[in-house]
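Read-outs: derived from the displayed coordinates by stated rules, not from any lab. No experiment lies behind these values; they were computed from the predicted model shown. Glycine also receives a Cβ, built like all others from the backbone with ideal geometry; neighbour counts cover every protein chain displayed.
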Amino acid sequence: MPAPVPSLETHPLATGALRRASILYTDLDGTLLGPGARLLSDAAGAPSLITAEAVVALNRAGLDCVVCSGRNRWQLMEVSRLLGWDAYIAEVGCVIVPGRGQAPIYYTGSWGPDAIREGETPYEAITRVGSLRVLQREFPGLIEEHAPWHLNREATHVLRGNVPLADAQAALDTLELPVRIVDNGIINPPRHTLRGVTEVHAYHLIPDGVHKSDAIERDLARRGLKRADALAIGDSATDVEMADAVALGVLVANALDDARVVEAAATRDNVAVTRRERGEGWAELASAWLRARGGDQS
Ligand SMILES: [Mg+2]
């Protein structure tokens, strides 16, 4: 059984990391946002300002927040504008937008220069080599596109379902391009056409070699910042990897519902968990961060 994840309050690295950090990389769904992707709600979905007030407090303190999500860049552009944030990292680290109005930087990991044909996006290359076809053949009824969020993507596919990850990866390994499947956590889609699936996960198909942590490293380097200057918060196994690029990786409490998250956290010594779930956990981190820096605690 994996070791329990230390709490944010008791983690030995927390106070030092929070005192120094000036930037937070944050996941959205299941982390900053409540059920139904609501910002203006508590972790149970009831109307609440708790998370919004935490965002305002960090903005007022001049601390940077960068959304780092599986969503596409058009979605992140709108969310970041609403929250008063600037840069964002979309599609699980494959699309980095350094600031408002700036062109996206694509990152395709280990893919060689010939992986993408002329005029093709990485998203289209993943389709061309048969990734979706092979998964739906191997796991009929257990995986499908995560409509409507599968639209307007440039580098990765987003799917939903419940499949054994190692077997799914083995199926993808038969294709001509290296494509990795990653589990982006438990979701509750209002509609799907899966058969016999009770716990639905979001999955991404991404160019092999891409991690959210790589994108964070690139963004920090661009800013002239170091690992010690950064924090991350999330709720999925993919998000735990963000800890590899920052001083402290924080999980909101609901992240521990997923055994894969607990296993991933147990292999790292710089991961802590909040007491509360979703946006309430996010607000807990914001409050601890401001307190450690000696500023506003609201
Ligand atoms: Mg999430």
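Grab the other residues whose beta carbon is less than 14 angstrom from that of Gln169, score K and R as +1, D and E as -1, and report the net.
On the way: positive: Arg180, Arg260; negative: Glu138, Asp167, Asp173, Asp183, Asp208.
Neighbourhood net charge equals -3.
Compute the relative contact order of segment 52-143 as a whole-number percentage, counting only Cα pairs closer than 8 Å that sit 6 or more residues apart in sequence.
In percent, rounded to a whole number, it is 16.
Give me the angle, in degrees from 0 to 90, between the Cα long axis of helix 73-83 and the longest principal axis of the Cα atoms of the chain, rounded to the nearest 10.
10
Within segment 39-53, what residues put their amide N at less than 19 Å from the label point 7 Å along the Cα-to-Cβ vector of Leu256?
Counting only backbone N, you get 43-44.
Please give me the summed charge of the neighbours of Gly249: other residues whose Cβ is under 9 Å from its Cβ, Lys and Arg +1, Asp and Glu -1. Working shown, then result.
Numbers: positive: Arg268; negative: Asp239, Glu241, Asp244.
Around Gly249, the surrounding residues sum to -2.
Report the GluC sites (Glu not before Pro) located in segment 124-201 that are in a DSSP loop and have at most 13 other Cβ atoms inside 10 Å of their Cβ, or state none. Walk me through the numbers on the way to the answer.
Working: sites: Glu124, Glu138, Glu144, Glu145, Glu154, Glu176, Glu199; in loops: Glu154, Glu176, Glu199.
Answer by residue number: Glu176, Glu199.
Count charges around Gly281 for me, please; just the other residues with Cβ under 10 Å from its Cβ, Lys/Arg as +1, Asp/Glu as -1.
-1
For the chain, report the translational diffusion coefficient in µm²/s to the nearest whole number, using Stokes-Einstein at 4 °C, 1.567 mPa s, and a Kirkwood Rh over Cα pairs. It would help to have the intermediate numbers written out before the result.
Values: Rh = 19.3 Å.
It comes out at roughly 67 µm²/s.
Using the per-residue mean of other Cβ atoms lying within 10 Å as a proxy for protection, in what order, highest first, do the peptides 156-163, 112-119 fall? Don't jump to the answer; show the numbers that get you there.
Working: 156-163: 22.4, 112-119: 10.1.
The peptides rank, most packed first, as 156-163, 112-119.
From Cα pairs below 8 angstrom and at least 6 apart in sequence, can you work out the relative contact order of segment 65-224, rounded to a whole percent? Walk me through the numbers before you get to the answer.
Details: 299 pairs, mean separation 39.8, N = 160.
In percent, rounded to a whole number, it is 25.
What is the chain's relative contact order, in percent, from Cα pairs under 8 angstrom and six or more apart in sequence?
Values: 638 pairs, mean separation 74.7, N = 298.
Once divided by the residue count of the chain, the mean separation gives 25 percent.
If only Cα atoms are counted, what is the Rg of segment 121-207, and what is its Dmax, in Å?
11.9, 35
What GluC sites (Glu not before Pro) in segment 203-298 are in a loop by DSSP, with at most 10 other Cβ atoms within 10 Å of the Cβ? If you can, show how the numbers build up before the last one.
Numbers: sites: Glu217, Glu241, Glu263, Glu277, Glu280, Glu284; in loops: Glu277.
Answer by residue number: there is no such site.
Simple spin-label model, 7 Å along Cα-to-Cβ: Arg227 to Arg38 in nm?
4.0
What Kirkwood hydrodynamic radius, in Å, does segment 1-74 give when the mean of 1/r is taken over all pairs of distinct Cα atoms and then inverted?
Values: mean 1/r = 0.0696 Å⁻¹.
Averaging 1/r across every pair of different Cα atoms and inverting gives 14.4 Å.
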